[in-house]
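Written out below as structure tokens is the structure these notes cover.
The values are calculated or read from the model by the stated rules, or taken from the named source; none is laboratory data. These figures come from a predicted structure and were not determined experimentally. In this analysis, Cβ positions are derived from the backbone assuming ideal geometry, glycine residues included, and neighbour counts consider all displayed protein chains. These area figures cover heavy atoms from the full protein model, side chains too; ligands, DNA and RNA do not enter into them. Shrake-Rupley method; radii C 1.70, N 1.55, O 1.52, S 1.80 Å.
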Amino acid sequence: MLTEDELSFLADVFGERFGAVGAKLLNDMAVSLKETGDLIPSYANRLQQLYKYGYDTDLISKELARETGKSLADIEKMFQSVAQEGYDWVKPFYDAKGIKQIPLAENVALQTIIKSAAKTTRNSLLNLSNTTIVGIGGGKDFQPIAKFYQKTVDKAITAAATGALDYNSAIKEAVKEMANSGLRIQYEKGYTKRLDSAVRQNVLDGISYIAQETAKATGEEFGADGVEISAHSPCAPDHLPYQGNQYSTKDFDKLQGQLKRPIGNWNCRHIAYPILLGISSPANSKAELAEMQRYSNEKIAIDGNEYTRYECTQIQRKLETSLRYTREEKQLFQAVKDADGTREATERIRFLSGKYKEVGEKADLPTKAERTKTIAAKMKEKSFESGITSKKNAGFDNAKVDIDFINSSEYKDKFKHITNNAKVNTQIYDQARAMLIHRKGTYNEDLCLINSLSGKVVGRQVNSNVVNNVVYNRSLNKAIAESEPFTLISVHNHPTNIPPTGKDFTSNGSHKYNLGIVACHDGTVYTYKSGNKIFTSGLFDKRVEKYKKVYYNSSEVEVHEMVLDEFVKEYGIEWSKIK
């Protein structure tokens, strides 16, 4: 079953495609407005220019239609893939009931659902080629592209002729309006939404619908009598009491009718998985769900006000949007060679970036630089990265993982000599690789426990939703309780790419693990063992923070490794960075 982050990633692909079209069109229009200023002396030339842009409006339709055509070919393929993921995930339930699961392609009911959802999504995309619903401004201020362009030129020339405003100042106002608005879609009731956001939401709705309907339909086929609602943290308060719980089908339907925002609807990232009540074990223990609730509701002081951690995530989303829009504004000012506008936008970017970092640090939430970037910047990065054969030193940005490197023999070779048991080494590699693929682009961690003698996985946690942390579940606790001391090897991922932390060492010691492995998202691999003297994780972490201030020219990894070396001498710990 695809994770919530993976579903979101698929929708982003389509949003960015149309975002790129919108960014290009706005850039071209800004440049055209700027160039029209040279035609002011000739009214006839101005009309000619407007006629020319009327023709360009036809080009806009063609540009949107071209992108729509490419996307239409991918929509049903993607929906089939999403359904297949869910279909494969429930196969063990069919096997447990002794029911044969027919191939997805032959499942008439599910194919009908997939084709219907694909048709709905395709129709919403096809409407985008109608430029009367694509324009600038929100609500009552919305204007189709051609009308906005012509009104802007008329206003600028009139202002310049009367002395009320020079042409360039008028164009600067228009550029600001274009940047703040973005290319927008107008719906029947007058509501507007940015083009990339509208496409992303349409596709995400379709994906979520397919995932939920596949779960529901297969559940009915194998006789599921209940559902379990997925869990994540931070979580919105209206769904926090219900996530992670199991319900009978009847009780879940009743709950859906009572909720103002039903599970899986209206931007909800939860999924209701089909289960067999009394047989299916909950993915999260009561302690884990309680921790998620505490983490979501914890109060954070920002600018003299208190916010829950979930509310802080909403502040982050607003700041990310403001940063992205301001960067788009800067790009448009650069396109029309407006130095003052570029400088003002740069100052706002600096202020917003500082505030974004502050909220993340105070709320102990990860910042996601990818969300603050313009479409143009993302496209430039993707173009650059496509020529890199190995990105194992790609850095900390957005917890990304270079899948090509993770699948390479170079990465696999890192695990050949971790222990003296080849079978164990292979298992460590397999689990590390699986974690990185599962958690790519997220700040969540997986953990598994491997028997150091047999090489078998005896416990795992792959559903922890507390960022940069692993919540121990029933599987892990059972493995620890049933295993002899110093026979387990722990393997977990670090999205932040830092070496083993103080908590990693204290966990290694308290659980009497034989060895610990950290698989970083940038491809770095660390091994570690607790020492012969006890220390708290806080002692280790405080020294790291202290040295970050003292050795401010050093990277976080370098400072961390410096502290590790000191703790080798002081507390007898062991650690290594596998080359």
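Which order do Trp89, Trp266, Trp575 take by accessible area at a 1.4 Å probe, largest first?
Values: Trp89 95, Trp266 170, Trp575 60 Å².
From most exposed to least exposed: Trp266, Trp89, Trp575.
For Phe351 and Leu259, compute 0.36 nm times the residue count separating them, minus their Cα-Cα distance, and round to one decimal in nm. The partial results should precede the final answer.
Working: separation 92, 0.36 × 92 = 33.12 nm, distance 3.89 nm.
29.2 nm is the gain from fully extending Phe351 to Leu259.
Provide Ser490, Ser322 ordered by accessible surface of protein heavy atoms (probe 1.4 Å), highest first.
On the way: Ser490 0, Ser322 45 Å².
Putting Ser490, Ser322 in descending order of accessible area: Ser322, Ser490.
In what sequence, largest accessible area first, do Phe333, Phe351, Phe535 appear using a 1.4 Å probe? Kindly include the intermediate steps, with their values, before the conclusion.
On the way: Phe333 0, Phe351 135, Phe535 25 Å².
Result of the area sort, largest leading: Phe351, Phe535, Phe333.
Can you tell which of Asn473, Ile428, Val525 lies farthest toward the positive end of the dipole of the range 403-578, using +1 and -1 charges on the Cβ of basic and acidic side chains (Lys, Arg; Asp, Glu)?
Final value for the positive-end residue is Asn473.
Listed here are the pairs Lys189/Lys318; Lys373/Lys440; Lys100/Lys254; Lys193/Lys299; Lys115/Lys368; which of them are more than 29 Å apart at the Cα? If you can, show how the numbers build up before the last one.
Details: Lys189/Lys318 25 Å; Lys373/Lys440 19 Å; Lys100/Lys254 31 Å; Lys193/Lys299 32 Å; Lys115/Lys368 35 Å.
Correct reply: Lys100/Lys254; Lys193/Lys299; Lys115/Lys368.
May I ask for the net charge around Val470, where only other residues with Cβ less than 14 Å from the Cβ of Val470 are counted and Lys, Arg are +1 while Asp, Glu are -1?
Numbers: positive: Arg439, Arg460, Arg474, Lys503; negative: Glu288, Glu291, Glu445, Asp446, Asp504.
Cβ neighbours under 14 Å give a net charge of -1.
For a protection proxy built on the mean count of beta-carbon atoms within 10 angstrom, sort 356-368, 444-456, 516-528, 303-315 highest first, please.
Going by the mean number of other Cβ atoms within 10 Å, highest first, we get 516-528, 444-456, 356-368, 303-315.
Could you give me the ³J(HN,Hα) list for the range 247-255, computed from phi with Karplus coefficients 6.51, -1.76, 1.60 and θ = phi - 60°, whole Hz, x at Gly and Pro?
Each residue of the range 247-255 in turn: 9, 5, 4, 5, 5, 5, 4, 5, 4 Hz.
In debye to the nearest 20, how big a dipole does the range 166-247 give about its Cα centre with +1 on each Lys and Arg Cβ and -1 on each Asp and Glu Cβ? Don't skip to the end; give the middle numbers.
Working: 8 positive and 12 negative charges, 101 e Å.
Charge dipole of the range 166-247: 480 debye, to the nearest 20.
Just to verify a number: FRET efficiency for Lys151 and Ile578, C-beta to C-beta distance, R0 = 45 Å, to 0.05?
Values: r = 63 Å, r/R0 = 1.40.
E(calc), rounded to 0.05, equals 0.10.
Listed here are the pairs Lys330/Lys357; Lys77/Lys400; Lys77/Lys478; which of them are more than 31 Å apart at the Cα?
Details: Lys330/Lys357 20 Å; Lys77/Lys400 25 Å; Lys77/Lys478 41 Å.
Table pairs above 31 Å Cα-Cα are Lys77/Lys478.
Nearest 20 debye, what's the magnitude of the dipole of the range 185-340 about its Cα centre given +1 on Lys and Arg Cβ and -1 on Asp and Glu Cβ?
Numbers: 20 positive and 22 negative charges, 64 e Å.
It works out to roughly 300 debye.
Placing +1 on the Cβ of each Lys and Arg and -1 on the Cβ of each Asp and Glu in the range 163-288, which of Ala198, Ala170, Ile229 has its Cα farthest towards the positive end of the resulting dipole?
Ala170
For the range 425-519, with only Lys/Arg (+1) and Asp/Glu (-1) charged at the beta-carbon, what is the dipole magnitude about the Cα centre, in debye rounded to 20?
Values: 9 positive and 6 negative charges, 30 e Å.
The dipole of the range 425-519 has a size of about 140 debye.
Going by average Cβ neighbours within 10 Å, how do the peptides 539-551, 561-573 rank, with the highest at the top? Numbers along the way, then the final one.
Details: 539-551: 14.4, 561-573: 16.1.
Averaged packing, sorted descending, gives the order 561-573, 539-551.
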